[in-house]
Amino acid sequence: MEYANFGEFISTKRIEKKITLREMADRLGISAPFLTDVEKDRRNPFDMEKLTQLADILQLSKEENDQMLNLAGKKRNAVAPDLPGYIMNRDYVSAALRAARDLDAGEEEWNRFVEELKNRKKG
């Protein structure tokens, strides 16, 4: 499913799990008004620690967790919050991203690359 933003994603997932806003706020250790503002896209997403906690509470699949992190990054106009450390600690990742940018690599090329990596892991 496509979500308009991070707030819509967590609101929808919370409601699917039948967790009230107040209960979710309590479990996250934040105020209900703060959570409301996040869900209404009036505040930035949580830090990585709270995002991990949120994923556990909502019992997100790996794909849903990745989607949540991507939406959190987009809201902050940054890369997903789980990626900066990985990128910054590996110069070859930055080189690969620059090469892809300079060559205007498209979605199909990136999908092939990702599949190749996944196949290496399986084999």
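Filtered by the rule that a residue be surrounded by 17 or more Cβ atoms within 10 Å (Cβ to Cβ) and closer than 18 Å to residue 26 by Cβ, the stretch 58-75 gives a lone residue, 58. Among residues that are without any contact (Cβ under 8 Å) to a residue 24 or more places away in the chain, in contact with a helix residue (DSSP H, G or I) (Cβ under 9 Å, 6 or more places away or on another chain) and surrounded by 13 or more Cβ atoms within 10 Å (Cβ to Cβ), residue 78 is not included.
Of the candidates 39, 49, the single residue that is without any contact (Cβ under 8 Å) to a residue 40 or more places away in the chain and surrounded by fewer than 14 Cβ atoms within 10 Å (Cβ to Cβ) is 49.
Selection of the stretch 4-36 for residues being assigned to a helix (DSSP H, G or I), touching a residue at least 12 places away in the same chain (Cβ under 8 Å) and within 18 Å of the chain's Cα centre (by Cα) yields 6, 7, 8, 9, 10, 11, 13, 14, 28, 35. Applying a threshold of 9 Å to beta carbon distances and a minimum spacing of six or more residues, or different chains, the list of pairs starting in the stretch 111-123 at a residue that is assigned by TED's automatic domain parsing to the domain that holds residue 97 and ending at one that is surrounded by 10 or more Cβ atoms within 10 Å (Cβ to Cβ) reads 113/96; 113/100; 113/105. Of the residues making up the stretch 98-109, one or more are out of contact with any Leu (no Cβ under 6 Å at 6 or more places or on another chain), in a helix (DSSP H, G or I), at pLDDT 95 or above and of a type in the set (A, V, I, L, M).
The values are calculated or read from the model by the stated rules, or taken from the named source; none is laboratory data. Bear in mind the structure is a predicted one, so any value in this text is a computation, not a measurement. Note: ideal-geometry Cβ built from the backbone for every residue, glycine included; neighbour counts use all protein chains shown.
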